[in-house]
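Have a look at the structure below, then the notes.
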Amino acid sequence: MGNLLWDVIAGAAVLGVLILMHEWGHFIVAKLCSVRVEVFSIGFGHRLWGMKRGDTDYRVSALPLGGYVRMAGDNPSEQRTGAPYEFLSRPRWQRFLIAVAGPAMNVLVAFVVFWGIYTFKGAPIETYLREPAVVAAVPENSTFAPGIEPGDHILAVNGVNTPGWEDVLTQVGNAKPGDSLSIAVLRAGSQVTLNIVIPQGQSSTDSVVGYPSLPPVVDEIAMGSPAEKAGMQPGDRIASINGKPVVTFPQMVDEVRGSGGRSIHIVVSREGKDIPLDITPMHTMTPEGQMAWLIGISGNTAETFERQGFVASTKDAAAATVNGLRQIGGVLAGLLTDKISVRDLAGPVGIVRLSGQAAKRGPLTLFQWLAFLSLDLGLLNLLPIPILDGGHVLMLAIEGTLRRDLSVAVKERFVQVGLVFLLGIFAFVMYSDILRAIQSHSH
């Protein structure tokens, strides 16, 4: 019960902040365009609390599942006076700016959060990238890493000194299939030079130089994932997969991705006991936007934060924002191409649970989650679906092309179709959310 209450509080706080900023974006631009804002509400339904300042009633409503800004004259089915302060009396370009201001504010919030993290905490760097490049293991039966052995310390690649894994991965990553690499390694106290040709079809630097040493410990498990359904828990140490010992987390990743969807037998160590688990991977999209076989876990990789200046923080924050938008765009593209199922999406229950998990991990993780969710909210609202901001933009584009306003009947039908569609999606995602929560609780 305590965990549930914590999740609800964290979820309500995160969603409340993001909805507030989204609606504030609409509010600010509406005011700048001289549109009268009658209601600024967090939530829908019955008014629980509020205050009126000027023409605007600022309120908190009963259903905290969203929010809205109601402007004078924004409902085409209601009687209008034609006053210049009414939304529909303003030029289309101003109505367009008001519609996109909410999503734009969400993107800006994410950027500011990332910038704050990079400026005051530092840019997160996986700790192993700064550590000496000592090979923990090599891919089994690999022809891509001839001569590389576990325990080798990589000193240089093509004559360039490589004091850490980051340097090794940079040098190898710049090579193309067919290129020859000269790799100097320290082995048993003696320096050995290996000549390796990058083969056609080389898929990762692991195949060339082996795996770094990363603890094979489970950090996070996705809700409803194969790993969660099988009973895997955060903190589990992966001892073996299909009878093969696992010494570093990337070994597990490659084994799962190379499974072809066949069930894999994993033994994990938990509180001094070996626990066998049979897990069938699912074919879904990775954070990089590629389709792969996954079981829904991430490793416990230590991070180091490196402080940097204003300009570097700004560049990194912009890059993180763009990367987040690309990841979300990849998910949306996967939905349209049927590579990802709607049932895999997180609805309100999933968001609440993930918010609680992020809050438990500390303020940094919570702010990172808030930034990503802000991008998600902004991009989803730009989808050309009636009722969403993107639906308003689509309607304005149609009217601009026709050079006339659509009839009230057409606009009402447009909104009705969008409402039915969104309610259907919401019901389905909510059902999947609750089902995953029940399945998770049963393990």
Tally, over the stretch 380-415, of residues that are among the hydrophobic types (A, V, I, L, M, F, W, C) and in contact with a Leu (Cβ under 6 Å, 6 or more places away or on another chain): 1
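Would you mind stating whether residue 298 is open to solvent by less than 20 Å² (accessible area, probe 1.4 Å), polar (S, T, N, Q) and within 27 Å of the chain's Cα centre (by Cα)? Show your work before the answer.
Numbers: open to solvent by less than 20 Å² (accessible area, probe 1.4 Å): no; polar (S, T, N, Q): yes; within 27 Å of the chain's Cα centre (by Cα): yes.
When the stated conditions are applied, residue 298 does not pass them.
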Candidates 378, 391 - the one that is surrounded by 21 or more Cβ atoms within 10 Å (Cβ to Cβ), without any contact (Cβ under 8 Å) to a residue 40 or more places away in the chain and of a type outside the set (A, V, I, L, M): 391
Test set (1) assigned to a strand (DSSP E or B); (2) more than 27 Å from the chain's Cα centre (by Cα) - residue 80 fails condition number: (1)
Filter pass, residue 48 being assigned to a helix (DSSP H, G or I) and among the hydrophobic types (A, V, I, L, M, F, W, C): no
Pairs where the first residue, in the stretch 396-422, is closer than 17 Å to residue 94 by Cβ and the second is modelled with pLDDT of 75 or more and open to solvent by 60 Å² or more (accessible area, probe 1.4 Å), C-beta under 6 Å, 6+ apart: 396/92; 396/96; 399/405; 400/92
Every residue from the stretch 394-408 that is open to solvent by 40 Å² or more (accessible area, probe 1.4 Å) and either at pLDDT 85 or above or not acidic (Asp, Glu) (or both): 394, 397, 398, 401, 402, 403, 404, 407, 408
Filter result (under 22 Å from residue 127 (Cβ atoms) and surrounded by 15 or more Cβ atoms within 10 Å (Cβ to Cβ)) within the stretch 157-181: 157, 162, 164, 165, 166, 167, 168, 169, 170, 171, 172
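Being touching a Pro at 6+ places or on another chain (Cβ under 9 Å) and assigned to a loop (DSSP other than H, G, I, E, B) is the filter here, so list the residues in the stretch 1-34 that pass it.
Step one: filter the stretch 1-34 for residues touching a Pro at 6+ places or on another chain (Cβ under 9 Å), giving 11-12, 15-16, 19, 22, 25, 33-34.
Passing the criteria: 33, 34.
Every residue, every condition in (1) closer than 30 Å to residue 300 by Cβ; (2) open to solvent by 40 Å² or more (accessible area, probe 1.4 Å), yes or no:
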position	(1), (2)
94	no, no
115	yes, yes
127	yes, no
185	yes, no
Residue selected from the stretch 44-101 under the condition in contact with an Asp or Glu (Cβ under 8 Å, 6 or more places away or on another chain) and among the β-branched types (Val, Ile, Thr), by the criterion modelled with the highest pLDDT: 100
Restricting the stretch 264-288 to residues that are within 12 Å of residue 237 (Cα to Cα) and of a type in the set (A, V, I, L, M, F, W, C), the residue that is farthest from the chain's Cα centre (by Cα): 275
Selection status of residue 367, in a strand (DSSP E or B) and at pLDDT 85 or above: no
Where residue 134 falls short, out of the listed (1) β-branched (Val, Ile, Thr); (2) more than 12 Å from residue 212 (Cβ to Cβ); (3) open to solvent by 50 Å² or more (accessible area, probe 1.4 Å): (2)
Residue 39 being surrounded by 15 or more Cβ atoms within 10 Å (Cβ to Cβ), not in a strand (DSSP E or B) and not hydroxyl-bearing (Ser, Thr, Tyr): no
The stretch 56-90, residues that are more than 27 Å from residue 378 (Cβ to Cβ) and surrounded by fewer than 12 Cβ atoms within 10 Å (Cβ to Cβ): 77, 78, 79, 81, 82, 83, 84
Members of the stretch 375-410 that are touching a Gly at 6+ places or on another chain (Cβ under 9 Å), closer than 28 Å to residue 112 by Cα and not aliphatic (A, V, I, L, M): 376, 378, 381, 384, 389, 391
Which numbered condition residue 252 fails, given (1) touching a Leu at 6+ places or on another chain (Cβ under 9 Å); (2) modelled with pLDDT under 95; (3) closer than 24 Å to residue 210 by Cβ: (1)
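Take the conditions aromatic (Phe, Trp, Tyr), out of contact with any strand residue (DSSP E or B) (no Cβ under 9 Å at 6 or more places or on another chain), open to solvent by 70 Å² or more (accessible area, probe 1.4 Å) and under 24 Å from residue 326 (Cα atoms) and apply them to residue 120. Does it pass? Talk me through it step by step, then tell me what you get.
Working: aromatic (Phe, Trp, Tyr): yes; out of contact with any strand residue (DSSP E or B) (no Cβ under 9 Å at 6 or more places or on another chain): yes; open to solvent by 70 Å² or more (accessible area, probe 1.4 Å): yes; under 24 Å from residue 326 (Cα atoms): no.
Here the answer is no, as residue 120 does not meet what is asked.
The values are calculated or read from the model by the stated rules, or taken from the named source; none is laboratory data. On a predicted model such as this, the values are computed, not experimentally measured, just so you know. Don't worry about glycine lacking a Cβ; one is built from the backbone with ideal geometry, like all the others, and counts go over all protein chains shown. We work out accessible area using only protein heavy atoms, side chains counted, and drop any ligands, DNA or RNA first. Shrake-Rupley method; radii C 1.70, N 1.55, O 1.52, S 1.80 Å.
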